Structures are given as C-alpha cells and as structure tokens.
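The values are calculated or read from the model by the stated rules, or taken from the named source; none is laboratory data. Just so it is clear, the structure is predicted and the values come from calculations on it, not from any experiment. Because the Cβ atoms are built from the backbone with ideal geometry, glycine has one as well, and the counts that use them run over all protein chains shown.
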Amino acid sequence: MTLAASATVVAQGKYPDKPIRVIVPFPPGGINDVVARPILQKMGELLQIAMVIENRAGAGGTIGATAAARAEADGYTLLLGAASTMAVAPAMYASPGYAPDKDFVAIGGMASVPSVLVTAKADKFKRFADVVAAAKAAPGTLNFGSAGAGASQHVQMELLKSRLGLNMVHVPYKGGAPAMTDLLGGQIDFMLEALPTAIPNLQAKKLVGLAVSKPERASALPDVPTFQEVGVPDFLVSTWFGLFAPAATVPAIVQQLGAALSRALQDPVLAKSLRERGIDPMAMESAEFTRFAARERERWKAVVMQSGIKAD
C-alpha cells in the first residue's frame, strides 16, 4: 500500500479493518509476552480489532526486529521493541539487520520492568553484602545467568559489576526459562531477573531476593531492599518496552495507534493489574519515547563497549 493510499484509508476511517500483527522477537512465555499481551489486548478492544502476537525469535531478537523493519508500512505489522533490541543489539552486532533510529518510528512507550537480584543459595547469600564479599574474596568464581549475550539480565549485571569492581562469570542461555531452571537448581549463582518473572519463585520461597532496581521497595516484595539501601546508589535499571512501526508508516496511523496505546495504559484496571505483577506502565508518546530510546542506546552502548560483550 502506498503512503497516499494509507492516508486515504485513515481519512475514510477504514483503519484498522483487519487484525494487526505484532512481532515479538523472542520465544513465547517470557517477560516480553507477559508485558505485551494484556496491553495489546486492551488496545485491540479500543481499536475494535484483534492484535495478534507473532513470536519470531532468534539472534538476540534481531531476526524478528529485522522482519518488522522490512514489513509493509501499512500499519498492520508492528514490533514490540525492547531495551535489548532497540538499545543493546545495535551496539553488540556489527550488522543487526536494522537501525532503530532509521528503520522504525516509535508509536509510544508501553512498560518499564525493574530487576531484582536473586539466588537460590540462601544458605550462602542471605544479603547483598554476602555477594560482594564472596566475589571480592574469590574473583572469577561466582557466576550469573542470562537469557543470552546482550539480554537485559546480562548488560545490567555488567553495569553492576563495573560499578562495584567485581569479577563474576557470565553464563548465557538460549532464553530466560532455561536460565531460571538452572538458577533454581543451583547450577548458577545469581540472576538479575525481571520482577514479574521472579515474583512467583520469590513468593514461593524458592529464591531469595537480594536487591531491587527501583527507587523504592517493590510493593509485592516489601522485604527486599533497593540497591540504594544496600550501598549501590542510582542503580535504577529496567527492561523497557515500546511499540514501533516501520519507518515509512504514515503519521496518521502512528498517531491513531499511539492514542489507543495511551488510552490502554490509562485504563485503571489494566494499570493496577500491571503494577501488581511488578510492571510499571510507561505512557510516553511518540516524540518523547523516541528521545528516551536514543538516550538508552547511548547508555548501553557504553556498557557494551566497556565490557566487551559479544554476540553468541
């Protein structure tokens, strides 16, 4: 569909007139799905059309993101963009297949998810201070897992290591689920895990929370201190998500989708449900979210360069 034809569709009130496909560039069942599904469902209700998730995983999310960048810019193929694909991957891959600032237009922010440092080894690590002491006493012996090189758990831990001068070994997995399985089984020592996927195991006492990356304690985990409280000031990291369209999408469609996203995030029932699961709604309109993503690219590029992270 040409730009002129797309504009005519919007002007005549015919958009959207069929389901909208949203590419999630990671396997189903992870934090991306946890965030995307309830928000997209509410958007679909407001637009009176189905929002259909298509999980297209591989290469740290770059395969799905590339597919979205090359899709027809008619408003019917969108991308769930995350910190890993829109801020980390461009610095980590020589040729990721897309340029976030050139191949996409931001529709708006969706959510920000704080992280919590967790361990299953409660006998050894009761407090965050125990982690620091053990890491400094025996450099290179402790390890941490992640969903893969460049995943949020990975780059956030690299930043934490840098802040504290710690030497810990990264153990990459092909997805967050197998990493969590090994963490629960004691095969790895720690993960800096997204709050929503950590909370069930923390509440079931299968994991111990050592510190959370929020300005204040998480309401679902009142006994877990913040990083500020354990002596790491300003360690406010999160896994963020937003909705993007191919760059040539006409502004009228972007605005219509952005308005629906904003209204969805303002729904009190949805907002309450998200916060109860450790997800903070992130209602940023297109221009503001574009600026935010640009700042995040610079932030994580510095971490990637300093730590020497390489793609698997």
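What about Ala220, is it in contact with a helix residue (DSSP H, G or I) (Cβ under 9 Å, 6 or more places away or on another chain) and outside any strand (DSSP E or B)? Yes; evaluated as a whole, the condition is true for this residue.
When region 173-223 is filtered for residues that are in the same structural domain as Val155 (by TED's automatic domain parsing), hydroxyl-bearing (Ser, Thr, Tyr) and either over 16 Å from Leu117 (Cβ atoms) or over 16 Å from the mean Cα position of the chain (by Cα) (or both), the ones remaining, listed by number, are Tyr173, Thr181. Of the numbered criteria (1) on the phi > 0 side of the Ramachandran plot; (2) without any contact (Cβ under 8 Å) to a residue 60 or more places away in the chain, the one Ser95 fails is (1). Of the helices (runs of 4 or more DSSP H) lying entirely inside region 93-186, the ones with 1 or more residues being among the hydroxyl-bearing types (Ser, Thr, Tyr) are found at 152-164, 176-184.
Residues in region 282-311 that are touching a strand residue (DSSP E or B) at 6+ places or on another chain (Cβ under 6 Å) and not hydrophobic (A, V, I, L, M, F, W, C): Glu285, Ser286, Thr290. Kindly indicate whether Ala283 is in contact (Cβ under 8 Å) with a residue 24 or more places away in the chain, of a type in the set (A, V, I, L, M, F, W, C), touching a helix residue (DSSP H, G or I) at 6+ places or on another chain (Cβ under 9 Å) and assigned to a helix (DSSP H, G or I). So Ala283 does not fit the description; no. Based on this model, can you work out whether Asn167 counts as more than 24 Å from Trp300 (Cα to Cα), in contact (Cβ under 8 Å) with a residue 12 or more places away in the chain and either of a type outside the set (A, V, I, L, M) or assigned by TED's automatic domain parsing to the domain that holds Leu80 (or both)? Against the criterion (more than 24 Å from Trp300 (Cα to Cα), in contact (Cβ under 8 Å) with a residue 12 or more places away in the chain and either of a type outside the set (A, V, I, L, M) or assigned by TED's automatic domain parsing to the domain that holds Leu80 (or both)), Asn167 does not qualify. Take the residues in region 127-172 that are in contact with an Asp or Glu (Cβ under 7 Å, 6 or more places away or on another chain) and farther than 18 Å from Leu210 by Cβ; name whichever of them is surrounded by the most Cβ atoms within 10 Å (Cβ to Cβ). Filtering first and then ranking leaves Gly148.
Taking region 41-76 as the range and being more than 25 Å from Lys102 (Cβ to Cβ) and in a helix (DSSP H, G or I) as the test, the residues that pass are Gln41, Lys42, Met43, Gly44, Glu45, Leu46, Leu47. Among the criteria (1) modelled with pLDDT of 95 or more; (2) assigned to a helix (DSSP H, G or I); (3) not charged (D, E, K, R), the one Ala302 does not fulfil is (1). In region 271-280, of all residues being aliphatic (A, V, I, L, M) and in a helix (DSSP H, G or I), the one that is farthest from the chain's Cα centre (by Cα) corresponds to Ala271.
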